[in-house]
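Before any comments, here is the structure.
The values are calculated or read from the model by the stated rules, or taken from the named source; none is laboratory data. Given the structure is predicted, the values throughout are model-derived calculations rather than measurements. As a convention, Cβ positions derive from the backbone with ideal geometry for all residues, glycine included, and neighbour counts pool all protein chains shown.
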Amino acid sequence: MNRLLLLLVFFLFGGIWCDHRLSSEESQYWKANCGTKPHHSRRFESRRIAGGQPIQGDAAPWAVLLESVTGSCSGTIISPRHVLTVSHCLMANSTEYDYRLQQARRECSDWDWISYPGISWFNIKNSYGKLLSNKVSRVIMMNYCYQPNNLYDDMMILELSENIQLDDYAYPACVSSNPNFQEINNQVRITAYGHNSWYWFNDDGLGTYMLRSGVFQIFQYYNDGRFMWLSGQNSGVNTRPGDSGGSVILYENGRYYVIGAFSYGYQNHFWSGVSSVFAHHHQICKHTGIC
């Protein structure tokens, strides 16, 4: 009887708290096959509209919408079980955070804050509103055990307990480990789900939240390289609310690489701050198996 009780306690309270990192075989497969959709390079033209160019989901199959009870963010599929986004979608700092963080089991792994949701925190959807998953089993906020403030660091991984069903509208981008991909003056694209209104706060209510793309240029690093500044001035585009966590993408040698996650922008300004994937690559590798 006691042994049965111990097993029950383990499966109810201990067995569910496990990670779902990629196996070595999965890691090798996705290293060879990530970032290969769409099959032909798309022209992400930036028309001179403030919020960027609306695009179809198969033009950026890595891009997902993250919906929660407190709002929405954007994210990047980096494996069938992992989505890259930004920490402030759950917690901006030690006084501004999603109440659900208090209800979850959490721990520190080195400087990274790991939470184990007991319930679904996010609905992960593609550009057509199809639910890809709501099975978030582990949340990793980079360096939040050292300093829980998105101005110091702002990168988060959502780990799922089951694979996303992949297709032309849901497919992983490659995770960049190459510092040359984020060199000053490189042109990159941000794909994200903010609104397309001229007005930053969508004051006229005419803006629609949709998948959009805009061309930006890297011009500066800051916070010891954890962040990069991008400018959309040459293309006439900037970011919007809802873009947080959006994919910063570089197309190189026939593959799409995520080199950053959009963190914050400014009203009436073409600058955007993004969290660097390269600066966090060892942490991404450690937690996900994507190496």
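One table, with the values for the structure above:
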| item | result |
| --- | --- |
| Flag if Gln165 is closer than 25 Å to Gly289 by Cα, touching a residue at least 24 places away in the same chain (Cβ under 8 Å) and loosely packed, with under 15 Cβ neighbours inside 10 Å | yes |
| Where Gln233 falls short, out of the listed (1) polar (S, T, N, Q); (2) within 15 Å of the chain's Cα centre (by Cα); (3) surrounded by fewer than 21 Cβ atoms within 10 Å (Cβ to Cβ) | (2) |
| Candidate set from region 157-188 (those that are in contact with an Asp or Glu (Cβ under 8 Å, 6 or more places away or on another chain) and not in a loop (DSSP other than H, G, I, E, B)); member that is nearest to Arg21 (Cα to Cα) | Glu159 |
| Candidates Glu25, Glu67, filtered to the one that is at pLDDT 80 or above and farther than 26 Å from Ser213 by Cα | Glu25 |
| Cross-chain or 6+ apart pairs with Cβ under 6 Å, region 18-40 first and more than 24 Å from Lys135 (Cα to Cα), then surrounded by fewer than 16 Cβ atoms within 10 Å (Cβ to Cβ) | none |
| Subset of region 243-275 (residues that are of a type outside the set (Asp, Glu), within 14 Å of the chain's Cα centre (by Cα), crowded, with 24+ Cβ neighbours inside 10 Å and farther than 19 Å from Ala32 by Cα) | Ser244, Gly245, Gly246, Ser247, Val248, Gly260, Ala261, Phe262, Ser263, Val274, Ser275 |
| Members of region 138-148 found to be surrounded by fewer than 18 Cβ atoms within 10 Å (Cβ to Cβ) and among the polar types (S, T, N, Q), listed by number | Gln147 |
| Candidates Ile114, Ile119, Ile184 - the one that is more than 26 Å from Lys37 (Cβ to Cβ), over 14 Å from the mean Cα position of the chain (by Cα) and crowded, with 19+ Cβ neighbours inside 10 Å | Ile114 |
